[in-house]
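The values are calculated or read from the model by the stated rules, or taken from the named source; none is laboratory data. As the structure is a prediction and not an experimental result, all values here were calculated from the model. When we count neighbours, we look across all protein chains shown, and the Cβ atoms used for this are built from the backbone with ideal geometry, even at glycine. Ligands, DNA and RNA are stripped out before the accessible areas are found, and what is left, the full protein with its side chains, is counted by its heavy atoms. Shrake-Rupley method; radii C 1.70, N 1.55, O 1.52, S 1.80 Å.
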Amino acid sequence: MTVKANKLALLGGPKAVSVDCGDIFAWPIVTREHEEAVLDVLRRGAMSGSDVSKQFEQEWAAYMGMKYALTFPNGTEALRSAMWACGVGAGDEVISPSMTYWASCTSALTLGAAVNFADIEPHSLCLDPADIEHRIGPRTRAIIVVHYAGYPADMDAIMAIARKHKVRVIEDVSHAHGGLYKGRMLGTFGDVSAMSMMSGKGFAVGEAGMMVTNERHLMERSIAYGFYERTGVASRFNAAESYITEPELLTYAGVPLGGYKHRMNQTCSAFGRVQLTQYPQRMQAIQDGMNRFWDLLEGVPGLRAHRPAKTSGSTMGGWYSPRGLYVAEELGGLSCEKFCEAVRAEGFDQTWPGANGPLHLHPVFQTADIFNMGKPTMISFGQRDVRQGPGTLPVSEKIGAIAFGIPWFKHDRPEIIKAYAGAYRKVAERANDLIA
Ligand SMILES: *Cc1c(COP(=O)(O)O)cnc(C)c1O
C-alpha cells in the first residue's frame, strides 16, 4: 500500500497533488473596489490625465518612505528613464546581472551605453558583489541591482562598492515590492529604483511602472525626459505646475528630452491605488503560504529554499515567480530537468528548470546593430568592448541546473500547500527510481 502510494507518477504511480487548488494561484485579486475605481476614470474620461497618477505617486512614495515617485506605462520605461536620469549616455557602461529579465538593462543600448554583465550568487540568484568591482572602469555610470524572484540582493556590499567608486545604483524592484533587506524596504538603498507593476508581478496593476528616488535632480530629469506636460507648462490635460526648477531642464519644457512619452494610463493608476491599500495584507498571506511550503521541505535532500534566513530581518516581498535551489549531487546526479518533469507528472504542471536565461550570450548584446552604424551597438558609441563569450559567467550559465520553479501561493491554505510540497518531497526522496 505505502509502496504503491509512493510510486512516482512519472513511473505509473498516483499523483501527489490531487486536491482542488481553488483560487490559490489566481492573481491579481480584483475586487469591487478596483472595478469602481477604474470605472470612475472611464466615466470621467480621465484616462489621459495625471490627477489620479499623482495621487498614486504620493501614496507609493509614502509607502516606501521616499520623497519622490513617478508613474510610468511599464517597468521597462521606468528603468530606461532611471538610467538616463543617472547620466548614462553614449560610450558609457552599466553593470547588470546577466541572469535577469531583459528589461533590467537592455535600454542601456538605446542610450549608447554597453552592458557589462556580472555573475550572480548561487544562493541568492542576485548580483555577486565579488564580481562587480573589477568591472568598474572610467565610464561606468551605474550598477543595476535586481532583487531576483524577491530575494534581497546584498545591498551593504553593493552600496559600499558603488560609493567607493562614485557609481550610481539603480535598484530594479520588479520582483520584490515591499520586500525587506535587514529590516529596510528594498528600493530605498540605491540612488533610484524602478519597478514593473504589470499584471503578473507581486504588486500587480496592469501595464504599469514606478520610479522612486530621494533625489530631486533625478526626479526632475525623469520628468523632463518623458513627461512633456508635467514640466511646468500648461497642457490640455494639466494646469501649469512648476515641477521642474533646474534652469537647464526648464529650457526644454514642453517637449520631452528623450522623445519618449511616459504618461501612465489612469485606469491603471486608479487600480494601483486600490492595490496599495490591500497589498500589505496580500503580501502577508503570500509570505505565510510560501514560508509554510519551504518549512515543509526543510531537510529534504537536493532541495534548498530560495529565501533569506528568518533571523536576518530580510524578506521575499510578494515572492514573485518563486524558485527553489537544486543540488543534483544530493540526488545521485539526477538532472534538474528530469526532476521537474517528475514533479509535473505529480500534478503541478508549471515546474520548469532554471529562471531567466543569461543575457550576456544573447545576440542583442553581441552582434545586433540597432542603429545601422555598421557595427554592433555594444561597441558603436565608443564603448569599451565588454562583450563576453560562453563560460565567462559560470553561475548564470548553469541556472537551468541549479534552480527550478515552485508554486506561487497567494493564500496560506495548509492542506493545499502540503499536497504541493508533498510532490517535491516525493520526487526528491525517490530520485533513485529515476536514475536506475
Ligand atoms: C517585469 C520586469 C521588468 C519590466 O517591466 P514591464 O512592466 O514588463 O515593462 C523589468 N525588470 C524585471 C526584473 C522584470 O521582471
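Summary of values
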{"quantity": "Residue within the range 106-120 that is within 21 Å of Ala401 (Cα to Cα), surrounded by fewer than 24 Cβ atoms within 10 Å (Cβ to Cβ) and either touching a residue at least 40 places away in the same chain (Cβ under 8 Å) or not assigned by TED's automatic domain parsing to the domain that holds Leu79 (or both) present", "calculated": "yes"}
{"quantity": "Members of the range 25-53 found to be surrounded by 18 or more Cβ atoms within 10 Å (Cβ to Cβ), out of contact with any Ser or Thr (no Cβ under 7 Å at 6 or more places or on another chain) and assigned to a helix (DSSP H, G or I), listed by number", "calculated": "His34, Ala37"}
{"quantity": "Any pair with Cβ under 7 angstrom, 6 or more apart, that starts in the range 214-225 at a residue that is in contact (Cβ under 8 Å) with a residue 24 or more places away in the chain and ends at one that is part of a helix (DSSP H, G or I) and surrounded by fewer than 21 Cβ atoms within 10 Å (Cβ to Cβ)", "calculated": "Glu220/Leu249; Arg221/Leu249; Ala224/Leu249"}
{"quantity": "Check on His147, surrounded by fewer than 24 Cβ atoms within 10 Å (Cβ to Cβ), under 24 Å from Arg304 (Cβ atoms) and touching a residue at least 60 places away in the same chain (Cβ under 8 Å)", "calculated": "no"}
{"quantity": "Condition check for Arg216: modelled with pLDDT under 95, away from the ligand (no atom under 14 Å from the Cβ) and open to solvent by 10 Å² or more (accessible area, probe 1.4 Å)", "calculated": "yes"}
{"quantity": "Whichever residue in the range 280-291 is in contact (Cβ under 8 Å) with a residue 24 or more places away in the chain and surrounded by fewer than 20 Cβ atoms within 10 Å (Cβ to Cβ) and, among such residues, is farthest from Ile29 (Cα to Cα)", "calculated": "Asp288"}
{"quantity": "Residue that is most open to solvent (accessible area, probe 1.4 Å), among those in the range 181-205 that are part of a strand (DSSP E or B) and either in contact with a Leu (Cβ under 7 Å, 6 or more places away or on another chain) or of a type in the set (Lys, Arg) (or both)", "calculated": "Arg184"}
{"quantity": "Single unsatisfied condition, Thr311 versus (1) open to solvent by less than 70 Å² (accessible area, probe 1.4 Å); (2) part of a helix (DSSP H, G or I); (3) among the polar types (S, T, N, Q)", "calculated": "(1)"}
{"quantity": "Unique residue being out of contact with any strand residue (DSSP E or B) (no Cβ under 9 Å at 6 or more places or on another chain) and within 16 Å of the ligand (Cβ to nearest atom) when the list is Trp102, Trp60", "calculated": "Trp102"}
{"quantity": "Where a residue in the range 197-209 is under 14 Å from Asp172 (Cβ atoms) and more than 7 Å from the ligand (Cβ to nearest atom) and its partner, wherever it lies, is part of a loop (DSSP other than H, G, I, E, B) and open to solvent by 20 Å² or more (accessible area, probe 1.4 Å), with Cβ under 8 Å and at least six apart", "calculated": "Gly202/Tyr320"}
